[in-house]
Amino acid sequence: MDDLVSLCKRRGFIFQSGEIYGGMQGMYDFGPLGVELKNNLKQAWWSSMIYENDNIEGLDAAILSNPTVLRYSGHEDTFSDPMVDCKSCKSRWRSDLLQNNKCPGCGSSDLTEPRPFNLMFKTNIGPIDDGETFGYLRPETAQSIFTNFKNVVDSSSKSLPFGIAQIGKAFRNEITPRNFIFRVREFEQMELEFFVVPGTDEEWHKKWVDMRLLWWEQQGISSENIELYDVPKDELAHYSKGTIDVMYKFPHGLEELEGIANRTDFDLGSHSKKQDELNITANVMKNNSSNTRLAIQDQNTNEWVVPYVIEPSAGVERGILAIMNEAYNVEQLENGKERTVLKLKPHLSPIKAAVIPLKKNNEELVALASEVKNSLQKLNLGRIILENTGNIGKGYRRHDEIGTPLCITIDFDSLENKTATIRDRDSMEQEVVAINELQNYLIKKING
Ligand code: ATP
């Protein structure tokens, strides 16, 4: 983990948030390379969900959430962790993570009884802070999918089975954020709510587990480092009939990468409840609770059904940590030296190719290199950079470390023969290729 954290900072993937003021626990910022990697991962998920499935639609809903939604969903009452306070050093811990019932900070056994601690961030809405006009920062993206169920069905004429997918920020006031970006307070989720005919839910649950495992493999996660955990009944979230957690061997241990839950009709059912069944205390939302039945007409029987929901829910940050961990390699070279190489799948690499003129500031070489860069950039495969440092060896080392699949050197032969030398990150082999073939070469490399 230490090597990964250090690489992330040194090369500009991930920084502690607010570092110049001492940082903020459980919050990270993605730097120039991190944002590219993150966007690429999200794009891979979006394509696999929405572009490859005509029965899945996308959504980008508000983060600030109406408290009534989170009351109906059960989050106000149940989205909490049991927490203890240490009476000696005044620190606060999750009671289920204590060892031998001792404070991990000072070792004292003088702890309070566990009390539920709600993980949702509450914030004032509007100019008057009267304690009642508040909203929550959403703790999961799922609820806005359920509350938009009718809008999406009505506007896109969907029939079962179909899905609504969303990528976006979620916030949880974790008591003990830890392990770099594994457990943080602000993170992104990639969530699909897949609506199915009740009775077909278990079959779809299995299908989605298989599809998600395949997808993680396509992102470079080796199946040897994955285990499935069938969550026991007494550990299930309040909405779940069954959950399979996709567990990954992170550097700090085996932990959840993605949860795939059978949420039954819990959420659509709850949001369909009539106004008079509710006990609403938040004035601002008093007239806004859902009184629309969130159901869909079965095309064969014409009956209205409240669908069951299968939810694959993955964390972007945990995905990035797992992918970086898989890709990170330190190799011994024949000359006795070492090289650090990030063997990312090319579609995830922050930089797709570096174009390097052999000699720094040589006008002709730099002009041709810029031309090559621009023609490759036009393909829209991701970022291509022109690296005018004049130090090819250093360029290769830097690009190995940040996972750039190809380095393209423009030398004096290039001026004469219109060729370039391509160096492959993984094999380190070099190949001379005609400049007018570079576009095809890159497309093949990135798209496979
Ligand atoms: P955990 O048991 O590790 O707290 P969870 O079961 O509460 O996770 P879910 O509610 O199933 O997590 O959320 C779906 C996904 O969102 C998780 O699989 C994970 O990838 C991501 N996630 C949840 N909480 C966090 C967090 N605090 N930091 C980073 N990612 C998170």
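The values are calculated or read from the model by the stated rules, or taken from the named source; none is laboratory data. Please read these numbers as outputs of a predicted model, since none were measured by experiment. FYI the Cβ positions are ideal-geometry reconstructions off the backbone, even for glycines, and counts take in every protein chain you see. To get the accessible areas, we keep the full protein, side chains included, count just its heavy atoms, and leave off ligands, DNA and RNA. Shrake-Rupley method; radii C 1.70, N 1.55, O 1.52, S 1.80 Å.
Here are the numbers:
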read-out	value
Any hit, region 135-142, residues being basic (Lys, Arg), within 14 Å of the ligand (Cβ to nearest atom) and under 25 Å from residue 83 (Cα atoms)	yes
Selected residue [among the polar types (S, T, N, Q), open to solvent by 10 Å² or more (accessible area, probe 1.4 Å) and within 16 Å of the ligand (Cβ to nearest atom)] from 300, 325	325
Sole residue being surrounded by fewer than 13 Cβ atoms within 10 Å (Cβ to Cβ), over 24 Å from the mean Cα position of the chain (by Cα) and not in a loop (DSSP other than H, G, I, E, B), chosen from 116, 127, 82	116
Helices (runs of 4 or more DSSP H) wholly inside region 357-417 containing at least 1 residues that are of a type in the set (Phe, Trp, Tyr)	392-402, 412-417
Every residue from region 380-398 that is under 26 Å from the mean Cα position of the chain (by Cα) and either under 20 Å from residue 429 (Cβ atoms) or open to solvent by 50 Å² or more (accessible area, probe 1.4 Å) (or both)	380, 383, 398
Residues (surrounded by 13 or more Cβ atoms within 10 Å (Cβ to Cβ) and on the phi > 0 side of the Ramachandran plot) located in region 424-448	428
Single match in 186, 202 (criterion: touching a residue at least 40 places away in the same chain (Cβ under 8 Å) and within 14 Å of the ligand (Cβ to nearest atom))	186
Total residues in region 245-258, condition within 14 Å of the ligand (Cβ to nearest atom), surrounded by fewer than 21 Cβ atoms within 10 Å (Cβ to Cβ) and not in a loop (DSSP other than H, G, I, E, B)	7
Selection status of residue 244, under 13 Å from residue 319 (Cα atoms), assigned by TED's automatic domain parsing to the domain that holds residue 314 and of a type outside the set (D, E, K, R)	no
Matching residues, region 14-36, being of a type in the set (A, V, I, L, M, F, W, C), within 18 Å of the chain's Cα centre (by Cα) and more than 16 Å from the ligand (Cβ to nearest atom)	15, 33, 35
Flag if residue 133 is in contact (Cβ under 8 Å) with a residue 12 or more places away in the chain and buried (at least 20 other Cβ atoms within 10 Å of the Cβ)	no
Number of the condition not met by residue 69 [criteria: (1) assigned to a helix (DSSP H, G or I); (2) open to solvent by 60 Å² or more (accessible area, probe 1.4 Å); (3) assigned by TED's automatic domain parsing to the domain that holds residue 161]	(2)
Which listed residue is under 22 Å from residue 267 (Cβ atoms) and in contact with a strand residue (DSSP E or B) (Cβ under 8 Å, 6 or more places away or on another chain), from 124, 148	148
Residues located in region 217-244, provided they are within 13 Å of the ligand (Cβ to nearest atom), polar (S, T, N, Q) and modelled with pLDDT of 95 or more	243
Enumeration of residues in region 220-236 that are in contact (Cβ under 8 Å) with a residue 60 or more places away in the chain and within 17 Å of residue 312 (Cβ to Cβ)	221
